[in-house]
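Participant: Sending over a structure as structure tokens; questions will come in a sec.
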Amino acid sequence: MPTFENPSNGHKESYDSQISVIWAILFGFFYFMFIGQWLHAILYIVIIIATAVVFAPLLLIVVPATWIIYGFLAPVILRRWYLRNGWREIEEGVAAPLTDGRPWWAQNAAPLPDTRDCPYCAEPIKRAAKLCKHCGHSV
Ligand SMILES: [Zn+2]
């Protein structure tokens, strides 16, 4: 399911591509009006009216064709609308950025302590230490 994020307020929206196709095929230009895609709703109607004016029998082909083509275009139109309005497409199910070098399955564990125990005197020393501050051994 494509998800978009509005970078100005962090608002997230997603739509189901298959469902948008079903709605667009069921309701035709009403669907495009409903989702606020007025340009496409008007274009849709203009195509039908223009056909009726030019050669009405063609409506038998043009109306179902427009209905189906616009139906399958609905997710494309939605996606382009979000991107044109500055929304950012985000991947769903992507793990949060790594907080340390550990693999994803260890991410929820307690954070890495920044100390460890000296193997010689068992006193806690800094993880990055090369020399124990308690016993002077190199570690
Ligand atoms: Zn030590």
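The values are calculated or read from the model by the stated rules, or taken from the named source; none is laboratory data. Remember, it's a predicted structure, so these values are computed and weren't measured experimentally. All Cβ positions, even for glycine, are placed from backbone atoms using ideal geometry, and neighbour counts span all protein chains on display.
For (1) in a loop (DSSP other than H, G, I, E, B); (2) not hydroxyl-bearing (Ser, Thr, Tyr), each residue gets a yes or a no:
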| site | (1), (2) |
| --- | --- |
| Gly36 | yes, yes |
| Ala41 | no, yes |
| Val46 | no, yes |
| Ala50 | no, yes |
| Phe55 | no, yes |
| Ile61 | no, yes |
| Gly71 | no, yes |
| Pro75 | no, yes |
| Tyr82 | no, no |
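Participant: What number of residues in the stretch 73-119 are of a type in the set (Ser, Thr, Tyr), out of contact with any Pro (no Cβ under 6 Å at 6 or more places or on another chain) and at pLDDT 85 or above?
Facilitator: 1
Participant: Please work out which residue is nearest to the chain's Cα centre (by Cα), limiting yourself to the stretch 114-127 and to residues that are in contact (Cβ under 8 Å) with a residue 12 or more places away in the chain and more than 6 Å from the ligand (Cβ to nearest atom).
Facilitator: Residues of the stretch 114-127 that are in contact (Cβ under 8 Å) with a residue 12 or more places away in the chain, as a first pass: 114-115, 118-121, 123, 125-127.
Going one step further and asking which of them are more than 6 Å from the ligand (Cβ to nearest atom), we end up with 114-115, 119, 125-127.
Values: Asp114: 36, Thr115: 39, Pro119: 49, Ile125: 45, Lys126: 41, Arg127: 39 Å.
Per the criteria, the residue is Asp114.
Participant: Still on this structure, I have one more. I want to confirm something. Restricting to the stretch 14-62 and keeping residues that are surrounded by fewer than 17 Cβ atoms within 10 Å (Cβ to Cβ), among the β-branched types (Val, Ile, Thr) and within 23 Å of the chain's Cα centre (by Cα), which single residue is nearest to Phe4 (Cα to Cα)?
Facilitator: Ile19
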